[in-house]
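Participant: Would you mind keeping the following structure in view while I ask a few things?
The values are calculated or read from the model by the stated rules, or taken from the named source; none is laboratory data. All values reported here derive from a predicted model rather than from experimental measurement. Cβ placement follows ideal geometry from the backbone for every residue including glycine, while neighbour counts extend to all protein chains displayed. What goes into the accessible areas is simple: the full protein's heavy atoms, side chains included, and nothing from ligands, DNA or RNA. Shrake-Rupley method; radii C 1.70, N 1.55, O 1.52, S 1.80 Å.
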Amino acid sequence: VKFNEEAADKPTGFNIVGEIPGTDPKLKDEIVLIGAHFDSWASATGATDNGTGSTEMMEALRIIQASGLKPRRTIRIGLWGAEEGGLLGSKAYVTEHLGTKDAPKPELAKFAAYFNLDNGTGKIRGVWLQQNAAVKPIFEAWAAPLKDLDITIMGPRAVSQTDHVSFEAVGVPAFQFVQ
């Protein structure tokens, strides 16, 4: 996905998108999207913001593939460009593929959830629930097998200023991990 390439006075960029196709005939068209941004600030190293998030999301897909798991739903990864410049990459992806709240595209109905990682280094300790208390039991069950890793925070507040906001804006349940 390229964006802003026709506007000479605006930054240009691209996104990197890949997926593991789902295997369940009834669910394979549903999409669970994981993502992170791969750009950084000019004066930053980029390793912690957000090379770590991009690497962790790619590693999640590598582990799924290497383990021979066959996910029922399609798992897609999006590594977004120009997050630091205003979420430009994720906004461009959403507009091109999902549309808007007022003018949704057919693919929007296929999205089950989006999970974002953009908090630098440190282990994942939980999930920001985006003021959606109904999902707390789901995430608690999800984290239960990881109890020994201390993944216990189910933060009720909504966090902003990173790529999950682009998906949340069109109604996709979108969450940011706590680090």
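Participant: Of the residues K105, K28, which is within 17 Å of S166 (Cβ to Cβ) and open to solvent by 80 Å² or more (accessible area, probe 1.4 Å)?
Facilitator: K105
Participant: Here are L69, L79: which of them is within 14 Å of the chain's Cα centre (by Cα) and at pLDDT 95 or above? Before you say what the answer is, go through the steps one by one.
Facilitator: Details: L69 fails: within 14 Å of the chain's Cα centre (by Cα).
L79 is the lone residue from the list that is within 14 Å of the chain's Cα centre (by Cα) and at pLDDT 95 or above.
Participant: Residues of segment 139-179 being within 20 Å of T52 (Cα to Cα), hydroxyl-bearing (S, T, Y) and open to solvent by less than 30 Å² (accessible area, probe 1.4 Å), which ones?
Facilitator: Scanning segment 139-179 gives a single hit, T162.
Participant: Return the pairs, sorted by first residue and then second, in which the second residue is of a type in the set (A, V, I, L, M) and surrounded by fewer than 18 Cβ atoms within 10 Å (Cβ to Cβ), the first residue lies in segment 88-107 and is closer than 11 Å to N15 by Cα, the beta carbons are less than 7 Å apart, and the residues are 6+ apart or on different chains.
Facilitator: The qualifying pairs are A92/V1; Y93/V1.
Participant: Going by the conditions given, is I124 over 17 Å from the mean Cα position of the chain (by Cα), surrounded by 13 or more Cβ atoms within 10 Å (Cβ to Cβ) and over 30 Å from T12 (Cβ atoms)?
Facilitator: no
Participant: Another one. Being of a type in the set (S, T, N, Q), at pLDDT below 95 and either within 25 Å of D24 (Cβ to Cβ) or in contact with a strand residue (DSSP E or B) (Cβ under 9 Å, 6 or more places away or on another chain) (or both) narrows it down to one residue among T152, T74; which is it?
Facilitator: Just a single option satisfies the conditions, and that option is T152.
Participant: State the number of residues belonging to segment 139-174 that are β-branched (V, I, T) and assigned to a helix (DSSP H, G or I).
Facilitator: Number satisfying all stated conditions: 1.
Participant: Working carefully through the options G35, G46, G51, G22, find the one that is touching a residue at least 24 places away in the same chain (Cβ under 8 Å) and within 25 Å of Q179 (Cα to Cα).
Facilitator: G35
A quick yes/no check of all residues on (1) among the β-branched types (V, I, T); (2) surrounded by fewer than 18 Cβ atoms within 10 Å (Cβ to Cβ):
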position: T52; (1), (2): yes, no
position: M58; (1), (2): no, yes
position: T74; (1), (2): yes, no
position: A82; (1), (2): no, no
position: L87; (1), (2): no, no
position: A92; (1), (2): no, no
position: T95; (1), (2): yes, yes
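Participant: Additional query: Could you tell me whether Y114 is open to solvent by less than 10 Å² (accessible area, probe 1.4 Å) and closer than 19 Å to L27 by Cα?
Facilitator: On the way: open to solvent by less than 10 Å² (accessible area, probe 1.4 Å): yes; closer than 19 Å to L27 by Cα: yes.
Considered against the rule, which asks whether it is open to solvent by less than 10 Å² (accessible area, probe 1.4 Å) and closer than 19 Å to L27 by Cα, Y114 comes out as yes.
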